[in-house]
Amino acid sequence: MFDEFEALTHVNMLTRSNSNFISLDSPDFHQERFTLLSKIAKIGDWSTVFLTNTTIWSDYLYDFYELDKSFDCSTLLEATTLYRAAEKERMLALIGYVKQTKTECSGEFKVIMKDGRIKWHSAVLSPLLGNDGEVIGLYGVLQDISAWKQVENSNEKEQLLYRHILDKLPAELVVLNPLGRYIYANHTAIESKGRRGLLTGNRRERLSDLGNWIPAAESRRHEIMKECLTLKQPVTFEEKLTDIEGIERIYLRTIYPLLDENGEVELLIGYGMDITARKKSELELQRMAYVAEKTNGIVMITDPEKRIIWINNSFEKILGYKSEEVIGYDPASFLQGPDTSRDTIKEITRSLTSTGTFSGEILNYTKSGEKIWLYLNIAAVYDDAGRLINYVAVENDITLIKMAEQQLQDAMEKERELNRFKTQFVNLASHQFRTPLATISSSIDLLDLKMESASLNSSFIDFFRKHKAIMAEETIRMTELMENILDIGRIDEGKIELSKKKVSFKQFMDAFVSSNSESTGQKRKLIYRFEASDCIINLDEIVLRNVLRNVVSNAFKYSEGKQEPILTVTLADDCYLIKIQDFGIGIPESDQPFLFQSFFRASNAKICPGTGLGLMIAKKLISLHGGEIGFESKAGNGCTVSMQLFFE
């Protein structure tokens with residue numbers, strides 16, 4: 001690009017390099033001078049005569065449009081795509097307007113070159129009038145303004161960027177004139193006015209709709225603005241405002257004066273932030289601090305490096321350390337001791353790092369060296385930007401609870417030892433009883449045989465057989481009792497191991513029902529219903545048979561003289577459901593919670609012999625088999641025992 005000095009220098013060189021001196025008034029010199037000035041100013045002109053359809057361009061226009069000088073310039077709009085449809089319509093409209101109004105007119109146009117580059121130019125069109133005052137042609141001047149447009153677009157993008165950034169600010173930002181009228185307001189400021197029902201219209205197109213920064217009903221802002229204008233210094237203040245929902249909000253605002261070159265206030269910048277949540281937090285913190293001072297528990301606050309910055313009175317009362325002794329120190333450095341669990345210390349660090357919280361027990365030491373158990377609740381505190389600012393720990397003395405737990409544990413250990421001794425004694429006694437019981441049973445059988453061979457009168461034989469039956473029944477009952485006690489001992493000691501094998505469950509149940517009926521009295525049999533498909537399952541036949549025998553014998557025993565008990569098998573999801581229903585005396589509701597306890601018998605069952613061990617053993621054995629047992633009953637309305645046996 002030529003500047004003015006270069007152009008003049010170039011003209012001088014032209015006059016001196018020509019051996020024949022050119023006159024400054026010659027047409028050739030004027031043409032050369034016009035060409036140079038056109039390049040410097042990036043200006044070209046053209047003219048067209050309608051009658052002859054003649055169009056003439058200056059040399060610069062060929063350079064601007066990057067066309068060869070042989071191009072028919074009168075066909076520019078029709079023969080090229082330099083002007084796209086919209087621009088072409090605008091150019092034709094401009095030409096039509098000049099022809100119609102016979103006045104000079106101008107506009108800016110975009111040209112797209114063949115390689116996609118964009119050029120901008122301004123165009124000034126003037127009408128050429130004939131002697132009769134009619135338009136006979138046009139004269140136009142074109143100037144390349146591409147560089148200006150680039151700067152303009154860049155400035156516009158920059159302004160849009162700044163406006164976007166300002167609109168994204170979470171705080172209110174406004175620009176006011178000295179009278180308090182809005183010149184600019186960002187999105188947050190507009191939303192704030194909208195929440196208070198003070199906004200109408202579109203904020204981008206009509207800033208006047210924002211009204212005055214000082215509402216007529218508020219004198220506080222008037223005083224603030226007067227102070228800022230008078231002192232020419234920033235003024236910060238808080239104000240409470242109520243939104244359209246009736247919620248009171250608190251704002252922190254600052255008004256900054258912008259001074260002109262004479263030191264007078266030209267504009268005011270207003271910056272405001274909703275601090276309602278912060279104020280609420282401050283109030284809560286004040287309340288918490290008051291509570292922390294009054295609480296019996298230890299409250300401690302540390303910095304992110306775990307150095308103590310605050311403790312409450314209970315810290316000194318419980319641990320014996322004064323505030324000046326611990327501020328700035330890591331509590332672990334003086335509270336932990338030789339018996340403090342290293343695993344607990346590692347877990348505290350891990351939990352705070354991963355979750356920002358920890359809850360658990362730790363053994364610490366007081367200033368006097370005494371052990372103290374504390375239950376810790378530690379939480380990390382973060383600011384609005386997500387930065388860690390504090391740890392807050394609330395600690396409760398649980399030493400008495402831990403001592404009680406230890407005493408309870410010692411007592412339980414003694415009880416377990418006593419139970420082991422009792423079990424061993426019962427097992428020994430049961431084994432010792434089995435031998436004399438077997439001897440008594442054999443002796444009764446021998447006496448029975450002897451009676452058949454002896455010549456005794458019938459009355460003695462009847463008397464003997466009556467008491468022999470009683471002895472035999474009691475011997476069997478004592479034997480069953482000893483067997484039950486031995487089973488309980490084996491179960492408690494874990495000595496019963498299941499011996500499972502795959503069997504047809506229907507065949508197993510059929511065999512059980514056929515071999516189990518009422519042994520005395522009416523000799524009733526079970527009503528048996530197998531209402532399920534047969535499956536091959538793994539089970540210990542002996543264990544499950546004992547469970548069923550215990551339940552079925554109870555069903556017969558406690559329903560003597562009533563309808564036969566019903567045994568039903570159904571299939572539900574992944575288990576067999578076995579129900580044994582009797583129609584006997586039932587179980588009182590007050591006795592039902594204790595039914596599966598050792599040696600417990602219902603209050604209405606004393607009329608029937610029993611040990612109170614059958615159902616307890618059944619529950620232990622069915623649990624050992626992975627099943628479940630339960631019951632439903634009402635006194636006088638029988639009882640239904642349900643067992644679930646899950647497939648493996």
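The values are calculated or read from the model by the stated rules, or taken from the named source; none is laboratory data. Note that the structure is predicted; figures quoted are calculated from it, not measured. Backbone-built Cβ (ideal geometry, glycine too); neighbour counts: all protein chains shown. Areas reflect the complete protein model, heavy atoms only, side chains present, ligands, DNA and RNA absent. Shrake-Rupley method; radii C 1.70, N 1.55, O 1.52, S 1.80 Å.
I'm trying to understand the selection: among the residues of region 55-71, which are surrounded by 12 or more Cβ atoms within 10 Å (Cβ to Cβ) and of a type in the set (Ser, Thr, Tyr)?
Within region 55-71, the subset surrounded by 12 or more Cβ atoms within 10 Å (Cβ to Cβ) is 55-67, 71.
Across region 55-71, the qualifying residues are Thr55, Ser58, Tyr60, Tyr62, Tyr65.
Which ones in region 232-261 are among the hydrophobic types (A, V, I, L, M, F, W, C), open to solvent by 20 Å² or more (accessible area, probe 1.4 Å) and within 16 Å of Glu172 (Cα to Cα)?
Taking region 232-261 and keeping what is among the hydrophobic types (A, V, I, L, M, F, W, C), we get 235, 237, 241, 244, 247, 250, 252, 255, 258-259.
Of the ones still in play, those that are also open to solvent by 20 Å² or more (accessible area, probe 1.4 Å) are 244, 247, 250, 252, 258-259.
Listed by number, the residues that qualify are Ile250, Leu252.
Test Ile587 against the stated conditions and say whether it is touching a residue at least 40 places away in the same chain (Cβ under 8 Å) and part of a loop (DSSP other than H, G, I, E, B).
Details: touching a residue at least 40 places away in the same chain (Cβ under 8 Å): yes; part of a loop (DSSP other than H, G, I, E, B): yes.
Yes: the conditions hold for Ile587.
Looking only at residues that are closer than 17 Å to Thr48 by Cβ and touching a helix residue (DSSP H, G or I) at 6+ places or on another chain (Cβ under 7 Å) in region 127-149, which one is surrounded by the fewest Cβ atoms within 10 Å (Cβ to Cβ)?
In the first step, residues of region 127-149 are kept if they are closer than 17 Å to Thr48 by Cβ; the result is 127-130, 134-142.
After this cut, where a residue has to be touching a helix residue (DSSP H, G or I) at 6+ places or on another chain (Cβ under 7 Å) as well, the list is 127, 135, 138, 142.
Details: Pro127: 18, Val135: 15, Leu138: 18, Leu142: 22.
The extreme case among them is Val135.
Can you find a residue that is basic (Lys, Arg), outside any helix (DSSP H, G or I) and either buried (at least 17 other Cβ atoms within 10 Å of the Cβ) or at pLDDT 80 or above (or both) anywhere in region 198-207? Walk me through how you get there before you give the answer.
At the first step, the residues of region 198-207 found to be basic (Lys, Arg) are 203-204, 206.
Okay, now just the ones that are also outside any helix (DSSP H, G or I), so 203-204, 206.
Still in the running and either buried (at least 17 other Cβ atoms within 10 Å of the Cβ) or at pLDDT 80 or above (or both): 203.
Within region 198-207, one or more residues are basic (Lys, Arg), outside any helix (DSSP H, G or I) and either buried (at least 17 other Cβ atoms within 10 Å of the Cβ) or at pLDDT 80 or above (or both).
Residue check, Cys575 against (1) open to solvent by less than 30 Å² (accessible area, probe 1.4 Å); (2) touching a helix residue (DSSP H, G or I) at 6+ places or on another chain (Cβ under 9 Å); (3) touching a residue at least 60 places away in the same chain (Cβ under 8 Å), all met but one. Which one?
With respect to (1) open to solvent by less than 30 Å² (accessible area, probe 1.4 Å); (2) touching a helix residue (DSSP H, G or I) at 6+ places or on another chain (Cβ under 9 Å); (3) touching a residue at least 60 places away in the same chain (Cβ under 8 Å), Cys575 is out only on (2).
Just checking, which of Gly337, Gly360 is assigned to a loop (DSSP other than H, G, I, E, B) and loosely packed, with under 15 Cβ neighbours inside 10 Å?
On the way: Gly360 fails: assigned to a loop (DSSP other than H, G, I, E, B).
So the residue among Gly337, Gly360 that is assigned to a loop (DSSP other than H, G, I, E, B) and loosely packed, with under 15 Cβ neighbours inside 10 Å is Gly337.
Conditions tested, residue by residue: (1) among the β-branched types (Val, Ile, Thr); (2) within 22 Å of Ile401 (Cβ to Cβ); (3) free of Cβ contacts under 8 Å to residues at least 12 places away in the same chain.
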| position | (1), (2), (3) |
| --- | --- |
| Ile318 | yes, yes, no |
| Phe334 | no, no, no |
| Ser341 | no, yes, no |
| Thr353 | yes, no, yes |
| Glu361 | no, yes, no |
| Val381 | yes, no, yes |
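Give the residue that is modelled with the highest pLDDT, with candidates limited to residues of region 514-568 that are under 23 Å from Lys502 (Cα atoms), of a type in the set (Val, Ile, Thr) and surrounded by 14 or more Cβ atoms within 10 Å (Cβ to Cβ).
Thr568
If only one of Leu24, Leu36 is open to solvent by less than 90 Å² (accessible area, probe 1.4 Å), of a type outside the set (Phe, Trp, Tyr) and modelled with pLDDT under 90, which one is it?
On the way: Leu24 fails: open to solvent by less than 90 Å² (accessible area, probe 1.4 Å).
Being open to solvent by less than 90 Å² (accessible area, probe 1.4 Å), of a type outside the set (Phe, Trp, Tyr) and modelled with pLDDT under 90 holds for just one of Leu24, Leu36, which is Leu36.
Got at least one residue in region 460-475 being in a helix (DSSP H, G or I), modelled with pLDDT under 70, surrounded by 15 or more Cβ atoms within 10 Å (Cβ to Cβ) and of a type outside the set (D, E, K, R)?
So far as region 460-475 goes, yes, one or more of its residues are in a helix (DSSP H, G or I), modelled with pLDDT under 70, surrounded by 15 or more Cβ atoms within 10 Å (Cβ to Cβ) and of a type outside the set (D, E, K, R).
What about Glu172, is it surrounded by 12 or more Cβ atoms within 10 Å (Cβ to Cβ), among the charged types (D, E, K, R) and at pLDDT 80 or above? So that I can check it myself, show each step before the final result.
Values: surrounded by 12 or more Cβ atoms within 10 Å (Cβ to Cβ): yes; among the charged types (D, E, K, R): yes; at pLDDT 80 or above: yes.
Judged against the criteria, Glu172 is a match.
In region 85-126, what residues are over 26 Å from Thr52 (Cβ atoms) and surrounded by fewer than 11 Cβ atoms within 10 Å (Cβ to Cβ)?
If the condition is that a residue be over 26 Å from Thr52 (Cβ atoms) and surrounded by fewer than 11 Cβ atoms within 10 Å (Cβ to Cβ), then Ala85, Ala86, Lys114, Asp115, Gly116, Arg117 are the ones that fit.
Given the criterion assigned to a loop (DSSP other than H, G, I, E, B), farther than 30 Å from Ser504 by Cβ and among the acidic types (Asp, Glu), identify the matching residue among Glu564, Glu560.
Working: Glu564 fails: farther than 30 Å from Ser504 by Cβ.
One residue alone meets the criteria, Glu560.
Out of all the residues in region 115-144, which are under 60 Å from the mean Cα position of the chain (by Cα) and without any contact (Cβ under 8 Å) to a residue 40 or more places away in the chain?
Once the filter is applied, which keeps residues that are under 60 Å from the mean Cα position of the chain (by Cα) and without any contact (Cβ under 8 Å) to a residue 40 or more places away in the chain, region 115-144 yields Asp115, Gly116, Arg117, Ile118, Trp120, Ser122.
Give just the number: which of (1) touching a residue at least 12 places away in the same chain (Cβ under 8 Å); (2) open to solvent by less than 50 Å² (accessible area, probe 1.4 Å); (3) within 35 Å of the chain's Cα centre (by Cα) does Thr366 not satisfy?
Looking at each condition in turn, Thr366 falls short on (3).
Restricting region 145-162 to residues that are more than 44 Å from the chain's Cα centre (by Cα) and charged (D, E, K, R), which is nearest to Arg117 (Cα to Cα)?
Within region 145-162, the match that is nearest to Arg117 (Cα to Cα) is Lys149.
Which residue out of Ser642, Ser590 is loosely packed, with under 13 Cβ neighbours inside 10 Å, modelled with pLDDT of 80 or more and among the hydroxyl-bearing types (Ser, Thr, Tyr)?
Details: Ser642 fails: loosely packed, with under 13 Cβ neighbours inside 10 Å.
After ruling out the rest, the residue left standing is Ser590.
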